[in-house]
Amino acid sequence: MELQTLTYIVVGFTFVVYIGIAVWSRAHSTGDFYVAGKGVHPVANGMATAADWMSAASFISMAGLIAFLGYDGSVYLMGWTGGYVLLALLLAPYLRKYGKFTVPAFIGDRYYSKTARVVAVICLIFISFTYVAGQMRGVGIVFSRFLEVDILTGLLVGMGVVFIYAVLGGMKGITYTQVAQYCVLIFAYTVPAVFISIQLTGNPLPQLGLGSGVEGGSMWLLERLDLVVQDLGFGAYTDGSKAMIDVACITLALMVGTAGLPHVIVRFFTVPRVSDARKSAGWALLFIALLYTTAPAVGAMARLNLIETIWPGASTEAQPLAYDERPEWFQTWEETGLLQFDDQNGDGLIQYYNDNNPEYVANVAEPRGWEGNELQVDRDIMVLANPEIAKLPNWVIALVAAGGIAAALSTAAGLLLVISSAVSHDLVKGMIAPNLGDKGELLTGRIAAAVAICIAGYLGYNPPGFVAQVVAFAFGLAAASLFPAIIMGIFSTRINREGAVAGMLTGLIFTFGYIMYFKGIFIEPIAANIPENWLFGISPEGIGVVGMLLNFGVAFSISRFTAAPPVHIRELIEDIRVPRGAAGAQAH
Amino acid sequence: MSKHQESRDAYWKANLRIMAGCLVVWFIVSFGFGIVLAQPLDNFQLFGYPLGFWFAQQGSIYTFLVLIFFYAWRMNKLDREFDVHEE
């Protein structure tokens, strides 16, 4: 069957499933809408969390990012998984015991302050909107590449589907749709990975394949990869080029940021008991690890495959591939612009090498008559073109399209839900109209979700310049603002209203300012984004760690000099520290 | 201080100890083996993986997984010992 038709059928089928689930699991109360009635099985919640967490970026871009960064790509692997340890140990069980609907509600109650709650809502909305804009963009891109519709049409279809199940089903609809989306995306990710691993190493498990020998050779795969990339003037694949302090700070910022992302935290409000919340974090990480341990294998293998296609014989001593003899997938991806050939020296051969390495250019490239790197490779191609490079059947390619869309939609829906609950529960019900009934609040939540989808769609279509920096922003802000406030709220009885508010604002403003200073969001960058200019050698991606430390420091010092929290707050803290009684909290 | 309160404090202290132990392991495998000691560890091989690289891209993730399930199991036991488990 024609690839195009097949893709339409597979993607269309998954949409029918998502909408079917939404109709079946409609929300009937605010409890259903915000936290799925607190009746989600921990394994199902683990799957939903995994789908919620793994975005279009994880699915499409991460393997390619690692393929080109090598060891330095480890910051994403450790950073985006290590956060679950913090979640499971420091946050999830206690927030589940607390038992209300939103993260700002906890911060507002614990710090007996509407100001704290509003600050938390501002942090949450800012974090979630920057994040969701990238997701909607991802939906549009996947649609336009695989289904050949323009980005706007793709976006509108994606918005329509999310609209149906998020507005109708709320958290309940989202949860069960995410379970289905997880299955689609993990299947779509692992099938091509298994095939490419068998082809290169003979080992069907990519996690083991990456540590195996090359099929039909005497070398380890990573050893060979190190050799071929160095032969092209790049740094060794298994060595890093970033400073150690920066690697550590980025990793920690991503970990803490993960644990502070509201749409992830709120997933642990949906399970029935405290012990389920602990366990569920483990299931979530298990489902995430399936993809995250496969991704480095996909990255390394796809890179090796690509280089060996361009340089048959995998050595620059031999002739590279002639442009006229390029394989079919090469032509397909050239049309999308993800691969670009520019014959600098006019010899009709594809010279692909690192022309940013002056030593290599002087010693190797120039004597051989190369006049610059002739192949531009977009990192997204490592996942998207993998099935074609590995010569897999068309249904696998269709599946990858469905997987990419599933990853983007599931994350977008989770984010939209926390935005709408922050608006309807924390702002409208909590501040403006405290007497609003359950029905009215549910309606407000649905309207807020609908409005949020429209804004997200708009941001996806007209991305503000900073969408590319979303990662640094969302994680840095979560790490510097929400995470410390929640942690101190649970583990200290002494931190009071004044300390928490001052701490959150300090962390937020410092991190926001630092990123803006180097990346220039809304304004032109003030200083060049280079290691010489950074504070302690920490890049904007890792600065959330410093913001977090400032938050802790300010909160502790100010709390010491102001009045201790009232007695009922100390009782609240004592209460959330023990599991018993969590089921009773379901009755809210 | 009431007996009830004493038992609650003891439960919380025991929880903090288990938690600290897990976080130490969490820190060692990622920041220790995966980052600070990655270069020296790369002199050892785990099949085709340089060891430091393996910790950074595979081993730390597996360890995180074990840690969370261990903590969940250990805390369930602790909840029962101190009679604060859920009905």
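Please find, among A:G507, A:G489, A:G513, the residue that is under 24 Å from A:Y94 (Cα atoms) and either without any contact (Cβ under 8 Å) to a residue 40 or more places away in the chain or in contact with a Lys or Arg (Cβ under 6 Å, 6 or more places away or on another chain) (or both). Even if it seems obvious, please write down each step before you answer.
Details: A:G507 fails: either without any contact (Cβ under 8 Å) to a residue 40 or more places away in the chain or in contact with a Lys or Arg (Cβ under 6 Å, 6 or more places away or on another chain) (or both); A:G513 fails: under 24 Å from A:Y94 (Cα atoms).
So the residue among A:G507, A:G489, A:G513 that is under 24 Å from A:Y94 (Cα atoms) and either without any contact (Cβ under 8 Å) to a residue 40 or more places away in the chain or in contact with a Lys or Arg (Cβ under 6 Å, 6 or more places away or on another chain) (or both) is A:G489.
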Fill in the blank from the handout: Of A:M78, A:M47, A:M54, A:M62, the only residue that is over 19 Å from A:L409 (Cα atoms) and buried (at least 19 other Cβ atoms within 10 Å of the Cβ) is A:M78
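Identify, from the list A:T270, A:T251, the residue that is among the hydroxyl-bearing types (S, T, Y) and more than 10 Å from chain B (Cβ to nearest Cβ). Even if it seems obvious, please write down each step before you answer.
Working: A:T251 fails: more than 10 Å from chain B (Cβ to nearest Cβ).
That would be A:T270, the only listed residue that is among the hydroxyl-bearing types (S, T, Y) and more than 10 Å from chain B (Cβ to nearest Cβ).
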Practice task
Evaluate the following for A:V361: is it of a type in the set (V, I, T), in contact with a Leu (Cβ under 9 Å, 6 or more places away or on another chain) and modelled with pLDDT of 85 or more?
Solution key: no
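Take A:T153 and tell me if it is under 20 Å from A:S55 (Cα atoms), polar (S, T, N, Q) and out of contact with any strand residue (DSSP E or B) (no Cβ under 9 Å at 6 or more places or on another chain). Break it down into steps so the answer makes sense when it comes.
Details: under 20 Å from A:S55 (Cα atoms): no; polar (S, T, N, Q): yes; out of contact with any strand residue (DSSP E or B) (no Cβ under 9 Å at 6 or more places or on another chain): yes.
No; evaluated as a whole, the condition is false for this residue.
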Problem - Selection within region A:338-378 - touching an Asp or Glu at 6+ places or on another chain (Cβ under 6 Å), closer than 16 Å to A:L232 by Cβ, surrounded by fewer than 16 Cβ atoms within 10 Å (Cβ to Cβ) and of a type in the set (D, E, K, R) - result: none
Problem - Residue list for region A:285-297, restricted to those being within 17 Å of B:L67 (Cβ to Cβ) and at the interface with chain B (Cβ under 9 Å from one of its Cβ atoms) - result: A:L285, A:L286, A:I288, A:A289, A:Y292, A:T293
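How many of the residues in region B:43-54 are outside any helix (DSSP H, G or I) and more than 7 Å from chain A (Cβ to nearest Cβ)? So that I can check it myself, show each step before the final result.
Filtering region B:43-54 for residues outside any helix (DSSP H, G or I) gives B:43-50.
Those left that are additionally more than 7 Å from chain A (Cβ to nearest Cβ): B:43-45.
Within region B:43-54, residues that are outside any helix (DSSP H, G or I) and more than 7 Å from chain A (Cβ to nearest Cβ) number 3.
From the list B:D79, B:D83, pick out the single residue that is more than 7 Å from every other protein chain (Cβ to nearest Cβ) and either under 14 Å from the mean Cα position of the chain (by Cα) or acidic (D, E) (or both).
Residue meeting the stated conditions: B:D83.
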Practice task
Kindly list the number of the only condition in (1) within 11 Å of chain B (Cβ to nearest Cβ); (2) surrounded by fewer than 24 Cβ atoms within 10 Å (Cβ to Cβ); (3) farther than 30 Å from A:G547 by Cα; (4) over 20 Å from the mean Cα position of the chain (by Cα) that fails for A:L222.
Solution key: (2)
Exercise for the section: Check A:A582 against each of (1) surrounded by 17 or more Cβ atoms within 10 Å (Cβ to Cβ); (2) within 14 Å of another protein chain (Cβ to nearest Cβ); (3) modelled with pLDDT of 80 or more and name the one condition it does not meet. Expected result: (3)
Practice task
Kindly check whether there is at least one residue in region B:50-69 that is surrounded by 16 or more Cβ atoms within 10 Å (Cβ to Cβ) and in contact with a Lys or Arg (Cβ under 8 Å, 6 or more places away or on another chain).
Solution key: yes
Practice task
Would you check which residues across region A:324-356 are more than 36 Å from the chain's Cα centre (by Cα) and more than 17 Å from A:R368 (Cβ to Cβ) and list them?
Solution key: A:D324, A:E325
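Output yes when any residue across region A:57-73 is without any contact (Cβ under 8 Å) to a residue 40 or more places away in the chain and within 29 Å of A:L505 (Cβ to Cβ), and no when none is.
So the first thing to find is which residues in region A:57-73 are without any contact (Cβ under 8 Å) to a residue 40 or more places away in the chain, and the list is A:69.
Next, from what is left, pick out any that are within 29 Å of A:L505 (Cβ to Cβ): none.
For region A:57-73, residues without any contact (Cβ under 8 Å) to a residue 40 or more places away in the chain and within 29 Å of A:L505 (Cβ to Cβ): absent.
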Practice task
Can you give me the number of residues within region A:53-77 that are facing chain B (nearest Cβ under 10 Å) and not in a helix (DSSP H, G or I)?
Solution key: 0
Problem - Among residues of region A:65-75, those that are crowded, with 24+ Cβ neighbours inside 10 Å and of a type in the set (A, V, I, L, M), counted - result: 3
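The values are calculated or read from the model by the stated rules, or taken from the named source; none is laboratory data. The structure presented is a predicted model; accordingly, all values stated were derived computationally and were not measured. All Cβ positions, glycine included, derive from the backbone under ideal geometry; neighbour counts span all protein chains shown.
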